[in-house]
Amino acid sequence: MKFQAVKGTRDFYPQEMRLRNWIMDAWRRVSLRNGFEEYDAPIFEYLDLFTAKSGPEIAEQLFSLTDRGGRNLAIRPEMTPALARMVNEKINSLPRPIKWFSMPRVCRAEAPQKGRLREFFQWNIDIIGEDNVIADAECIYVLVDLLRELGLKADEVKVRIGSRALTVAFLQGVGVGADAVDSVLPVLDKRPKVSPEEFARLAAAAGLSAEQVARIAQFQDCPDIGALKAAMAGRDEAGKAITDLEQLLTILRTMGVADYCRLDMRIVRGLAYYTGIVYEVFDAGESLRAVAGGGRYDNLLQVLGGPKVGATGFGMGDVVLGILLQEKGKLPANLGSGQLDYFVADDAPELFEQVVSLVAAIRARGRSADFSYKRQAVGKQLQTANRRGAKNAVIVKAGGQVALKDLSRGQQQEMSMEAFLKSV
Ligand code: HAM
């Protein structure tokens with residue numbers, strides 16, 4: 001019998017693992033320098049946690065199972081409900097604002113396609129316990145900080161920012177009833193992703209008239225705050241949503257990341273729990289799926305049995321990010337080389353014992369070292385050192401001497417083994 005990895009999953013051979021670690025190291029570095037603390041949760045949870053308020057799309061994509069006790073469980077398709085559950089459990093003892101990050105492995109039973117798999121890693125940045133848009137701005141700042149960290153420029157990626165609160169106010173203004181809003185929002189989320197004909201079909205199925213569709217389209221295509229204000233003229237309930245958007249854009253300018261950001265009311269997000277500012281990151285050419293997405297979810301903790309606490313954040317997957325970095329030529333050419341500090345060789349087989357003890361002495365000093373198990377000519381051993389991307393080769397010679405060779409610069413110097421070990 002021959003086995004393969006399941007469709008939509010990936011094997012991480014050391015080469016792929018190096019890329020994954022490189023991305024995740026950047027996620028962690030950027031999170032920590034922005035003042036976020038790391039957390040994690042189980043890989044599976046009670047099924048209801050993910051069906052309570054995430055919306056039909058996530059519910060359809062769940063890998064669910066029943067345990068031997070008959071409990072309905074699901075592998076996590078996202079982190080946000082688990083985060084809300086964890087925070088709810090300790091809400092009174094956690095100092096606010098809670099600024100947490102995670103990098104979970106998550107699974108969605110989607111049809112695999114470019115940029116979308118059934119198992120991936122997702123960086124989550126969330127701030128809980130702050131109602132002010134400063135928290136939304138901070139999350140977007142962290143997002144841009146990561147994009148910049150990986151070398152992506154403002155003309156290569158854009159954070160497209162909308163407001164679900166404002167969209168909901170507009171929908172109610174054009175006669176979409178409060179009970180219909182939940183089923184209309186996922187349709188609007190699809191508008192930039194499907195053909196106009198398909199969108200018209202979905203909109204009609206959600207009960208929107210052709211006139212409503214035309215007015216919504218006009219609203220969603222507003223290029224700036226001025227146009228939005230005009231579109232919402234006389235509708236007081238939109239006031240806070242517009243002020244929030246305006247303030248957000250001002251803070252982002254102050255933070256120096258406005259060139260990465262753009263107002264785009266077509267962004268409403270697919271998940272059901274969002275309530276305020278929402279955003280997605282796309283490559284500038286818009287040829288790929290979203291790199292990241294998030295927004296404010298002020299009701300989720302309460303829906304999951306906790307108090308009403310403001311929350312905002314985003315998720316970024318490793319899949320589209322990897323494709324984008326590859327396409328833009330941003331991946332380091334020598335990924336993973338230089339991880340081995342010393343490759344120890346000998347220039348005569350009888351020195352092998354000294355090789356083994358030197359390797360042990362280097363490792364005991366906390367540096368990495370490796371060597372060939374088979375006795376080979378020194379040239380062969382140096383070839384292996386180069387293939388392994390070692391920083392240095394140490395050639396053990398007769399009489400307690402070594403030659404230390406810097407493999408990137410090609411310089412070589414001889415010294416006693418004692419002097420070498422002192423330098424390690
Ligand atoms: P989401 O938009 O469903 O949001 O996912 C966020 C990101 O995860 C996407 O932009 C994409 O990079 C990645 N992603 C999603 N599905 C897949 C897939 N099938 N394959 C590969 N990558 C994928 C959420 O999950 C929210 N919980 C994010 C959030 C955190 N909102 C607030 N805090």
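Values computed for the structure shown
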| item | result |
| --- | --- |
| Check on residue 177, more than 10 Å from the ligand (Cβ to nearest atom) and not acidic (Asp, Glu) | yes |
| Strands (runs of 3 or more DSSP E) contained entirely in the range 20-113, each with at least 2 residues that are open to solvent by less than 70 Å² (accessible area, probe 1.4 Å), more than 13 Å from the ligand (Cβ to nearest atom) and in contact with a Phe, Trp or Tyr (Cβ under 7 Å, 6 or more places away or on another chain) | 72-75 |
| From 188, 143, residue being away from the ligand (no atom under 12 Å from the Cβ), buried (at least 22 other Cβ atoms within 10 Å of the Cβ) and not in a strand (DSSP E or B) | 188 |
| Residues that are more than 8 Å from the ligand (Cβ to nearest atom) and either touching a strand residue (DSSP E or B) at 6+ places or on another chain (Cβ under 9 Å) or under 15 Å from residue 134 (Cα atoms) (or both), drawn from the range 300-322 | 300, 301, 309, 310 |
| Residue satisfying all of: in the range 382-424; assigned to a loop (DSSP other than H, G, I, E, B) and among the polar types (S, T, N, Q); nearest to residue 338 (Cα to Cα) among these | 408 |
| Number of positions in the range 257-290 that are away from the ligand (no atom under 11 Å from the Cβ) and among the basic types (Lys, Arg) | 2 |
| Qualifying residue in the range 5-18 (condition: surrounded by fewer than 17 Cβ atoms within 10 Å (Cβ to Cβ), within 15 Å of the ligand (Cβ to nearest atom) and β-branched (Val, Ile, Thr)) | yes |
| Failed criterion for residue 345 (all others in (1) within 30 Å of residue 9 (Cα to Cα); (2) open to solvent by less than 20 Å² (accessible area, probe 1.4 Å); (3) not in a helix (DSSP H, G or I) hold) | (1) |
| Extreme residue, most open to solvent (accessible area, probe 1.4 Å), among residues of the range 151-171 that are in contact (Cβ under 8 Å) with a residue 40 or more places away in the chain and part of a helix (DSSP H, G or I) | 165 |
| Qualifying position, being surrounded by fewer than 17 Cβ atoms within 10 Å (Cβ to Cβ) and not in a loop (DSSP other than H, G, I, E, B), among 322, 338, 366, 379 | 379 |
| Pick from the range 191-205, criterion under 32 Å from the mean Cα position of the chain (by Cα) and either free of Cβ contacts under 8 Å to residues at least 12 places away in the same chain or more than 13 Å from residue 265 (Cβ to Cβ) (or both), ranking: least open to solvent (accessible area, probe 1.4 Å) | 203 |
| Qualifying residue in the range 405-413 (condition: crowded, with 16+ Cβ neighbours inside 10 Å, in contact with a helix residue (DSSP H, G or I) (Cβ under 8 Å, 6 or more places away or on another chain) and within 30 Å of residue 14 (Cα to Cα)) | yes |
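Okay, residues lined up against (1) touching a strand residue (DSSP E or B) at 6+ places or on another chain (Cβ under 6 Å); (2) within 30 Å of residue 50 (Cβ to Cβ); (3) aromatic (Phe, Trp, Tyr); (4) in contact (Cβ under 8 Å) with a residue 60 or more places away in the chain:
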residue: 220; (1), (2), (3), (4): no, yes, no, no
residue: 223; (1), (2), (3), (4): no, no, no, no
residue: 226; (1), (2), (3), (4): no, no, no, no
residue: 239; (1), (2), (3), (4): no, no, no, no
residue: 247; (1), (2), (3), (4): no, no, no, yes
residue: 258; (1), (2), (3), (4): no, no, no, no
residue: 270; (1), (2), (3), (4): no, yes, no, yes
residue: 277; (1), (2), (3), (4): yes, yes, no, yes
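The values are calculated or read from the model by the stated rules, or taken from the named source; none is laboratory data. It should be emphasised that the depicted structure is a prediction, and the values quoted were computed from it without experimental measurement. In this analysis, Cβ positions are derived from the backbone assuming ideal geometry, glycine residues included, and neighbour counts consider all displayed protein chains. What goes into the accessible areas is simple: the full protein's heavy atoms, side chains included, and nothing from ligands, DNA or RNA. Shrake-Rupley method; radii C 1.70, N 1.55, O 1.52, S 1.80 Å.
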